[in-house]
Amino acid sequence: MATRRLTFVTGNANKLMETKYILSQGIPIEIDSQDLDIPELQGTTQEVAIAKSRRAAELLGRACITEDTALCYEAFGGLPGPYIKHFMKNIGHEGLNNLLVGFPTKDAYALCTFAYSAGPGAEPILFEGRTDGTIVPARGPPTFGWDAVFQPKGFDKTYAEMTKEDKNVISHRYRALDKLKAYLSTLPT
């Protein structure tokens with residue numbers, strides 16, 4: 001079986017590393033990355049993912065994948081959602097916790113949306129993964145976004161406290177990539 005080559009549009013080294021690890025399990029694939037400056041549309045996670053994927057394929061002139069991650073608070077009807085990157089940058093881990101002061105639930109879910117585009121003009125295909133959890137005071141290394149404040153349901157550790165191997169078999173990213181991997185395995189190389 002020939003090795004599939006795919007460009008992942010990201011400037012985030014942690015996302016690239018996780019994506020390479022997860023996708024390489026079971027199918028021969030080589031992933032390179034390209035950091036493109038693509039303005040993010042305001043809207044739902046799906047709308048943001050589709051717009052980003054279309055633009056990335058146009059700029060690259062070839063097939064690519066893009067990824068959008070959302071952290072969705074039940075108390076806020078799913079917000080901050082796709083805007084979590086800006087919340088994290090501006091208020092940090094403590095601020096993410098403080099947002100929920102006075103609310104009856106700290107439940108949240110992590111949502112990952114990968115978009116695959118076969119190339120310029122192709123309609124992007126979405127692959128979503130969701131992991132339910134709770135927002136907790138930060139625990140573990142603060143090196144990968146909001147991982148230190150998200151504790152998946154059924155676990156006593158935050159994403160940040162888990163080993164990469166443990167996180168990579170239960171995470172929202174893994175669940176989305178598992179669907180993408182199944183799809184890619186049906187395409188000719």
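The values are calculated or read from the model by the stated rules, or taken from the named source; none is laboratory data. These figures come from a predicted structure and were not determined experimentally. Virtual Cβ from ideal backbone geometry, glycine too; neighbours counted across all protein chains shown. Please note that ligands, DNA and RNA were not included when accessible areas were found on the heavy atoms of the full protein model with its side chains. Shrake-Rupley method; radii C 1.70, N 1.55, O 1.52, S 1.80 Å.
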For residues that are over 30 Å from A2 (Cβ atoms), in contact with a strand residue (DSSP E or B) (Cβ under 9 Å, 6 or more places away or on another chain) and of a type in the set (F, W, Y), tally how many sit in segment 144-189. 4
Residues that are exposed (fewer than 13 other Cβ atoms within 10 Å of the Cβ) and hydrophobic (A, V, I, L, M, F, W, C), drawn from segment 4-31: A13
Regarding T143, is this residue over 15 Å from K52 (Cβ atoms) and touching a helix residue (DSSP H, G or I) at 6+ places or on another chain (Cβ under 7 Å)? no
Out of the residues in segment 32-53 meeting the condition of being modelled with pLDDT under 90 and open to solvent by 80 Å² or more (accessible area, probe 1.4 Å), tell me which one is farthest from T10 (Cα to Cα). Q42
Yes or no: L71 under 26 Å from F8 (Cβ atoms) and either open to solvent by 20 Å² or more (accessible area, probe 1.4 Å) or of a type in the set (A, V, I, L, M, F, W, C) (or both)? yes
Could you check how many residues of segment 72-82 are assigned to a helix (DSSP H, G or I) and over 18 Å from T158 (Cβ atoms)? 2
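Would you say K89 is open to solvent by 30 Å² or more (accessible area, probe 1.4 Å) and in contact with a Phe, Trp or Tyr (Cβ under 9 Å, 6 or more places away or on another chain)? Show your work before the answer.
Numbers: open to solvent by 30 Å² or more (accessible area, probe 1.4 Å): yes; in contact with a Phe, Trp or Tyr (Cβ under 9 Å, 6 or more places away or on another chain): no.
No.
If the requirement is being among the polar types (S, T, N, Q), under 26 Å from N90 (Cβ atoms) and open to solvent by 10 Å² or more (accessible area, probe 1.4 Å), which of these qualifies: T163, T158, T134? Working first, answer last.
Working: T163 fails: under 26 Å from N90 (Cβ atoms); T158 fails: open to solvent by 10 Å² or more (accessible area, probe 1.4 Å).
T134 is the lone residue from the list that is among the polar types (S, T, N, Q), under 26 Å from N90 (Cβ atoms) and open to solvent by 10 Å² or more (accessible area, probe 1.4 Å).
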If you check every pair at least six apart or on different chains, which have Cβ atoms under 6 Å apart with a residue in segment 74-94 that is under 11 Å from I135 (Cβ atoms) first and a residue that is small (G, A, S) second? H93/A138; H93/A148
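Within segment 83-176, which strands (runs of 3 or more DSSP E) (wholly inside it) include 2 or more residues that are farther than 23 Å from L16 by Cα and not β-branched (V, I, T)? Give the derivation first.
On the way: elements: 107-117, 125-135, 150-152.
Passing ranges, in order: 107-117.
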Inter-residue pairs, beta-carbon under 8 Å, first closer than 14 Å to H172 by Cα and in segment 136-159, second among the β-branched types (V, I, T) and assigned to a loop (DSSP other than H, G, I, E, B), 6+ apart: D147/T158; F150/V136; F150/T158; Q151/V136; Q151/T158; P152/I170; T158/V136
Filter result (assigned to a strand (DSSP E or B) and aliphatic (A, V, I, L, M)) within segment 1-33: L6, V9, I29, I31
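Please tell me if F144 is of a type in the set (A, V, I, L, M, F, W, C) and crowded, with 20+ Cβ neighbours inside 10 Å. Break it down into steps so the answer makes sense when it comes.
Values: of a type in the set (A, V, I, L, M, F, W, C): yes; crowded, with 20+ Cβ neighbours inside 10 Å: no.
Considered against the rule, which asks whether it is of a type in the set (A, V, I, L, M, F, W, C) and crowded, with 20+ Cβ neighbours inside 10 Å, F144 comes out as no.
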